[in-house]
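Working notes, beginning with the structure itself.
Please treat every number below as a calculation from the coordinates, not as lab data. On a predicted model such as this, the values are computed, not experimentally measured, just so you know. Backbone-built Cβ (ideal geometry, glycine too); neighbour counts: all protein chains shown.
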Amino acid sequence: MRYIHIAEEEKNHLENSYKTSLNSVVQRRCFCLLDSNDRHSIKEVSMITKFSRRSIEY
């Protein structure tokens, strides 16, 4: 499995963007990054967000 590792400052910024952004694409991307940081697999993230596995990998 490939996971990303996010520094605490970056994590806080992503959480803030997820909560405050009016753009749904930005919210989903933040969610994907935060879930990967929480060690969720690409398959799990793709099922939750309805993004294709390929979209999440890149």
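Numerical summary
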{"quantity": "Loop-located chymotrypsin sites (Phe, Trp or Tyr not before Pro) in region 2-31, at most 15 other Cβ atoms within 10 Å (DSSP)", "calculated": "3"}
{"quantity": "The chain: relative contact order as a whole-number percent, Cα under 8 Å and 6+ apart", "calculated": "33"}
{"quantity": "In the chain, trypsin sites (Lys or Arg not before Pro) in a DSSP loop with at most 15 other beta-carbon atoms within 10 Å", "calculated": "2, 39, 50"}
{"quantity": "In Å, descending, principal axis extents of the Cα set of the chain", "calculated": "26, 24, 16"}
